[in-house]
Amino acid sequence: MTVKSAATFSLRNISREFMTGAVTGAALLLFVGTAGTAVVKALAHWHGSDAVIDHGLVAALLLNAALILFGWFRYRALSEELSTLSDAGRHAHALAQRDPLTGFLNRRSLSEDGAALFTSTRRRGKAMAMLTIDIDHFKSVNDLHGYAVGDLLLAHVAETIAAIAPSTSLLARLGADEFACTFVFDSAHENVADRIAERMVAGLALPFRANGVDIHSSVSIGIARSDRDCASVDALLRNADIALHAAKTAGRSRHAWFDTSMERSLQLRGELEAGLRSAIPAQEVVPYFEQQVDLTTGLITGFEVLARWEHPTRGMIAPDVFIPIAEETGLIGDLSLSIMRQAFAAARDWDAGLTLSVNVSPLQLRDAWLAQKIIKTLVETGFPASRLEIEITESALFDNLPLAQSIVGSLKNQGIRLALDDFGTGYSSLAHLRALPFDRIKIDKSFVSSILDNPESMAIVNTIVRLGDSLNLPTTAEGDRGRRDRGTVARHGLCEGPGIFVRAPARCGAGPAVAGGETLAGPAPRPERATASRHRTTVGGLAASAGLSCQPHLIQTNTTPAKAGAQLERSK
């Protein structure tokens, strides 16, 4: 029974007991009126007098006494019921104001009490700090150890916050794992809030033992102050939430102060998210093609497909801006398939020796139907599966390796090749090379770009190349430092490199040129490969064989499309 229904039920009982009270009162008056006569006659009769006892009067007297006793007991019961109702009301009021697990204020009570404190603070010429505290990766604690341990962790966090916060603070639990702490401080001493936030971050980073399990957690904290761009306590809480988001984005387990640039960034992200939802079906996110070059022969062997957002008002938006948004909002699957569909349709009639490499997001490998979706796209566009290469980063394999093996197996059965991207940055590279049937290794550009300046990077690259040779896997270099690096990585045995060594990736079609510019450099000065220079093709030459639109004044061609295809076949 709810508190409201219990109150209604008790009020009905009170109205019914009104008649009981009236009857009891009448019985009491009748008892007073008849008791004197009945008692006098009874006493006289017992002392031998001729007085006659009126038995009817005695019966009425006893009935009145019974009614009085009944009324008394009903009064006691009604008093207890009213007391219970009063306790329930106080409990309901407490539940309406407090979180039952931690005893902190809830969001509504924080807004009410905080508004009064906000007004008082301004009147006194002080500042009010609002700290919003969020437990990092709290869901994983519930998933791994259960909700009972999660509740113990919440209680521990609340106790720690209460122990560190000033005694006059308003403490609240805003959500499942989010807390708030607000207090008044001197506006000239902002470091007070910094010190409190640092103590909370440090104190809650210590291991917590619950039910025999050591829980390692951390918190992120956002801070806002009332005397800067803040008109109410609700605006103060919103600013602190924005700062909290910035702290989590910056790496978690830290605190961040609110500033207006954070709000602008958040608004921009919201606009980009809304725009991306309509941009994907409208095909505003388009494929650009980056040449894959055999560094020893100078031949283009294929293209890597890159996503670019051609926004109608903002212009070109880089993938490092919109890809994270697509992953966070669950749009990455639709985005990836849209890019594949456009790229496959554009490259379907290119030279049969040219491959397309497409990156797959780690989040896509959580989709058990990914292989079927890619195969369906190949069938609908008519693009040969043997010309497609799917690139997977090592980080994508950590979550669910068995599912990744199943997806890769389905793709390999259709003749699709597999490349391990960003090799060298993961934690179990050798295990992954053994667990999945990769066809190529791509060395992360962080190693390649510093190969001339960092002996350690050169040693790592040499080791990966030897590993690829021993496993009979071609090795591709990623980098963007230019002609000097291209020759260096070729001397170290890397057979392929991206076209970014030659030029930036560009779009296919009637619009901007996708190929052209600087011609490919000659082969690396290795005696056994020297004769390959006679069969070199330029970027423009092979781009023409692929049917790509070019700017002729930027291209120096020395081969026909047919020769380019033949040279490509000889290079394999």
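Checking the structure you have, find out if any residue of region 139-159 is touching a Gly at 6+ places or on another chain (Cβ under 6 Å) and touching a residue at least 24 places away in the same chain (Cβ under 8 Å).
Taking every residue of region 139-159 in turn, at least one turns out to be touching a Gly at 6+ places or on another chain (Cβ under 6 Å) and touching a residue at least 24 places away in the same chain (Cβ under 8 Å).
Residues are listed down the side, and each one gets a yes or a no for (1) in contact with a strand residue (DSSP E or B) (Cβ under 7 Å, 6 or more places away or on another chain); (2) of a type in the set (S, T, N, Q); (3) under 21 Å from T160 (Cα atoms); (4) open to solvent by less than 10 Å² (accessible area, probe 1.4 Å):
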position: I221; (1), (2), (3), (4): yes, no, yes, yes
position: F258; (1), (2), (3), (4): yes, no, no, no
position: S261; (1), (2), (3), (4): no, yes, no, no
position: R264; (1), (2), (3), (4): no, no, no, no
position: E290; (1), (2), (3), (4): yes, no, no, no
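Given the residues Q405, Q364, Q372, which is the only one that is polar (S, T, N, Q), at pLDDT 95 or above, at negative phi and within 31 Å of the chain's Cα centre (by Cα)?
Q372
Does D229 count as closer than 26 Å to R123 by Cβ, modelled with pLDDT under 90, more than 20 Å from the chain's Cα centre (by Cα) and of a type in the set (D, E)?
yes
Can you tell me which residues in region 240-256 are open to solvent by less than 40 Å² (accessible area, probe 1.4 Å) and assigned to a helix (DSSP H, G or I)?
Once the filter is applied, which keeps residues that are open to solvent by less than 40 Å² (accessible area, probe 1.4 Å) and assigned to a helix (DSSP H, G or I), region 240-256 yields A240, I242, A243, L244, A246, A247.
From A197, A165, A235, grab the single residue that is in contact with a strand residue (DSSP E or B) (Cβ under 6 Å, 6 or more places away or on another chain), surrounded by 14 or more Cβ atoms within 10 Å (Cβ to Cβ) and either closer than 28 Å to Q267 by Cα or of a type in the set (V, I, T) (or both).
Of A197, A165, A235, the one residue that is in contact with a strand residue (DSSP E or B) (Cβ under 6 Å, 6 or more places away or on another chain), surrounded by 14 or more Cβ atoms within 10 Å (Cβ to Cβ) and either closer than 28 Å to Q267 by Cα or of a type in the set (V, I, T) (or both) is A197.
With the condition kept exactly as written, say whether any residue in region 283-294 is farther than 30 Å from I443 by Cβ and of a type outside the set (D, E, K, R).
Yes - at least one qualifying residue is present in region 283-294.
From the residues in region 337-350 that are buried (at least 20 other Cβ atoms within 10 Å of the Cβ) and in contact with a helix residue (DSSP H, G or I) (Cβ under 6 Å, 6 or more places away or on another chain), which one is farthest from L266 (Cα to Cα)?
Here the answer is F344.
If I ask for residues that are within 14 Å of P287 (Cα to Cα) and assigned to a strand (DSSP E or B), which ones from region 309-341 would you list?
W309, E310, H311, M316, I317
For the structure I just gave you, tell me whether A368 is in contact with a helix residue (DSSP H, G or I) (Cβ under 6 Å, 6 or more places away or on another chain) and either open to solvent by 10 Å² or more (accessible area, probe 1.4 Å) or free of Cβ contacts under 8 Å to residues at least 40 places away in the same chain (or both).
So A368 fails the test.
With region 180-232 as the region, which strands (runs of 3 or more DSSP E) entirely inside it contain at least 1 residues that are under 17 Å from L110 (Cβ atoms)?
219-225
Which of the residues that make up region 385-402 are loosely packed, with under 15 Cβ neighbours inside 10 Å and either modelled with pLDDT of 95 or more or in a helix (DSSP H, G or I) (or both)?
S386, S395, P402
Any residue in region 136-144 that is open to solvent by less than 30 Å² (accessible area, probe 1.4 Å) and either in a strand (DSSP E or B) or within 17 Å of C230 (Cα to Cα) (or both)?
no
I need the full set of residues from region 229-241 which are over 12 Å from D134 (Cα atoms) and either among the acidic types (D, E) or out of contact with any Gly (no Cβ under 6 Å at 6 or more places or on another chain) (or both), in order please.
The answer is D229, C230, A231, S232, D234, A235, L236, L237, R238, N239.
The values are calculated or read from the model by the stated rules, or taken from the named source; none is laboratory data. Everything numeric here is computed off the predicted structure, so don't read it as measured data. Don't worry about glycine lacking a Cβ; one is built from the backbone with ideal geometry, like all the others, and counts go over all protein chains shown. Keep in mind that these areas ignore ligands, DNA and RNA; they rest on the heavy atoms of the full protein, side chains included. Shrake-Rupley method; radii C 1.70, N 1.55, O 1.52, S 1.80 Å.
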